[in-house]
Amino acid sequence: MGNLSMLSSESALSAVRFTEEKFGQAEKTELDAHFESLLARADSTKHWTEKILRQTEVLLQPNPSARVEEFLYEKLDRKVPSRVTNGELLAQYMAEAASELGPTTPYGKTLIKVAEAEKRLGAAERDFIHTASINFLTPLRNFLEGDWKTISKERRLLQNRRLDLDASKARLKKAKAAEAKATCEGDTVPDFQETRPRNYILSASASALWNDEVDKAEQELRVAQTEFDRQAEVTRLLLEGISSTHVNHLRCLHEFVESQTTYYAQCYRHMLDLQKQLGSSQGAIFPGTFVGTAEPASPPLSSTSPTTAAATMPMGPSVADLAPPGEAALCLEEVAPPASGTRKARVLYDYEAADSSELALLADELITVYSLPGMDPDWLIGERGNKKGKVPVTYLELLS
């Protein structure tokens, strides 16, 4: 109980001294510029680490209710239950729909294929969330809940030591002022006819008392200065450790980027495989059309839409006039450029041909393109040297 009363008293005195400093009623010991710079950098690191951590949590788990649930499990030191990802849930619904609507129908077969791809996407997302949580979120949390709490504790101690030092300085200043006043009064030769001898004796006694008070205040100041310097050095070492924190966070950031790159690469492969599967079955479902198996859509840099581009392309003989459905790929070598002419196009992205009817592309190369009647407007015939084949319009920039 006595310790509690002492702590309360010290806290009240510290609060009073801090308030007096804020109102300019007391002197304040200033820290050096380098120390203030370290404090500012530490505060900035803490601020941005919190914001990055919170937004990364939103990125990995957009559902706020799920984030709260995971937070509670973490605080209770319990394992977070496995949760189905949105992709896996969509895959489940598609598989159930295919089973009920007919797995042998074209729609049912496509649902099954898409469901398998969505399931793989969901598994890739789960791996990404797990890896990012371990390699990126956990180190950020460890800094905020470990190193930063230690820094904050030592900074509070330094603040108290500074207030004690300022109070000791004020006490010494007041004692010296009183001692000087008492000494001045004691040096005056009394007029025994006007003044009682007792007053002179009291002045001399007061001067001695204030002299002792000055000695005590100087001793307290030396102790307070020593404790302040020691605490300042401890705090300085912790603040300089922020540089190591930045190095650690930099490494974690690289690992986060690597995991995110792996995740998106997996998604790219899964969707490319799915698109090729759907493209190979499209010819059987819709005969008489070119089978397009373009890569996942990238924002076309050309201002010309696929439909407009196809409409403005020089037209040659129709596919139906050249060969029956299913044999168009074999007859492409016999296709001649239309009499109306051709156009040049610059390739925007690399493109890997899905079959022999398509022409592989390399970014930035120039090819000759034209359209055939009856072609899918998203595709053109491309020629490069003695090679020709179908090319996706979204991968081209048509030149005038």
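The values are calculated or read from the model by the stated rules, or taken from the named source; none is laboratory data. Owing to the predicted nature of the structure, the values given are computational and were not obtained by experimental measurement. All Cβ positions, even for glycine, are placed from backbone atoms using ideal geometry, and neighbour counts span all protein chains on display. Heads up: the accessible areas ignore ligands, DNA and RNA and are worked out on the full protein's heavy atoms, side chains in. Shrake-Rupley method; radii C 1.70, N 1.55, O 1.52, S 1.80 Å.
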Can you list residues whose amide H is under 5 Å from SER357's amide H, if they're 5+ apart or on another chain and H is modeled 1.01 Å from N? none
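Tell me whether region 342-399 comes out rounded, prolate or oblate; compute the Cα gyration tensor, take square roots of the eigenvalues as a ≥ b ≥ c, and use a/c under 1.5 as the rounded threshold.
Details: a/c = 1.33, a/b = 1.12, b/c = 1.19.
Note, shape of region 342-399 comes out rounded.
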Of LYS109/LYS390; LYS51/LYS276; LYS109/LYS387, those spanning more than 31 Å from alpha-carbon to alpha-carbon: LYS51/LYS276; LYS109/LYS387
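Of the heavy-atom accessible surface of region 342-399 (probe 1.4 angstrom), what whole percent is carbon and sulfur? Could the numbers behind the result be given before it?
On the way: 1160 of 2380 Å².
Exposed carbon and sulfur together represent 49 percent of the surface.
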Give the cross-link partners of LYS46 among the lysines, using a straight C-alpha distance below 19 Å as the criterion and excluding same-chain residues fewer than 8 apart. LYS149, LYS153
Per residue, how much accessible area does region 342-399 have with a 1.4 Å probe, in Å²? 41
Region 215-234-region 104-140 distance, computed between alpha-carbon centres (Å): 62
Per DSSP, loop trypsin sites (Lys or Arg not before Pro) in region 67-132 with at most 16 further Cβ within 10 Å: ARG78, LYS79, ARG83
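How much accessible area per residue does region 81-194 have, in Å², with a 1.4 Å probe? Can you show the working numbers first?
Details: 6850 Å² over 114 residues.
Value returned for region 81-194: 60 Å² of accessible area per residue.
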Mind listing the phi-derived Karplus ³J(HN,Hα) values for region 94-103, rounded to whole Hz, using 6.51, -1.76 and 1.60 with θ = phi - 60°, and x for any glycine or proline? 5, 5, 5, 5, 5, 5, 7, 7, x, x
Report, to the nearest whole %, how much of the accessible area of region 52-121 belongs to carbon and sulfur atoms, 1.4 Å probe, protein only. 58
